[in-house]
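Everything below concerns the one structure shown next.
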Amino acid sequence: MEELSYATADPILYRQLKSFVKELRTKRPTEAENILWSCLRNKQLGVKFRRQHIVGTFIADFCCLESHLILELDGGYHQLPDQQVKDAERSVWLKTRGFRVIRFSNEEVIFNTDEVINLIKQYIYESK
């Protein structure tokens, strides 16, 4: 049986986060998110990815529950020292819950899409 979408979310914050997730999906996707989603959607890589999926109190850009894989796309503000610390803490928290986290810059996705997809495929293959 497939794990329910809300099963990975913090139950106290689920409703508030869900509302924000709907907004992120429809009103504010970046070019890189649109490109990557066009490659991941409809099980094109053999597994189901969810876009803007809630895990704990975090919203993962893309999540494959079957492969325990989270993909994060980083824009320019992720280069700021404070944000790098937050991203590292978030990745550690997600890893303690059994997820592998792969981070890509928006530029990597936009300009090297094939390489990004090949790396994602490797992680999916390793999880099987």
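For the reader, a short list of remarks on this structure follows.
- Residues that are within 14 Å of the chain's Cα centre (by Cα) and open to solvent by 50 Å² or more (accessible area, probe 1.4 Å) were ranked within the range 94-128; the one that is nearest to PRO29 (Cα to Cα) is ARG103.
- Subset of the range 31-56 [touching a residue at least 24 places away in the same chain (Cβ under 8 Å) and small (Gly, Ala, Ser)]: ALA32, GLY46, GLY56
- Annotation note: of LEU119, LEU69, the sole residue that is among the hydrophobic types (A, V, I, L, M, F, W, C) and more than 15 Å from THR8 (Cβ to Cβ) is LEU119.
- Failed criterion for ILE59 (all others in (1) in a helix (DSSP H, G or I); (2) in contact (Cβ under 8 Å) with a residue 40 or more places away in the chain hold): (1)
- Scan of the range 69-128 for residues that are outside any helix (DSSP H, G or I), small (Gly, Ala, Ser) and either touching a Pro at 6+ places or on another chain (Cβ under 8 Å) or modelled with pLDDT of 90 or more (or both), ordered by number: GLY98, SER105
The values are calculated or read from the model by the stated rules, or taken from the named source; none is laboratory data. Everything numeric here is computed off the predicted structure, so don't read it as measured data. Neighbour counts are summed over all protein chains in view; Cβ atoms, including those assigned to glycine, are modelled from backbone coordinates with ideal geometry. Each accessible area value is taken on the protein alone, full model and side chains, heavy atoms only, with ligands, DNA and RNA left out. Shrake-Rupley method; radii C 1.70, N 1.55, O 1.52, S 1.80 Å.
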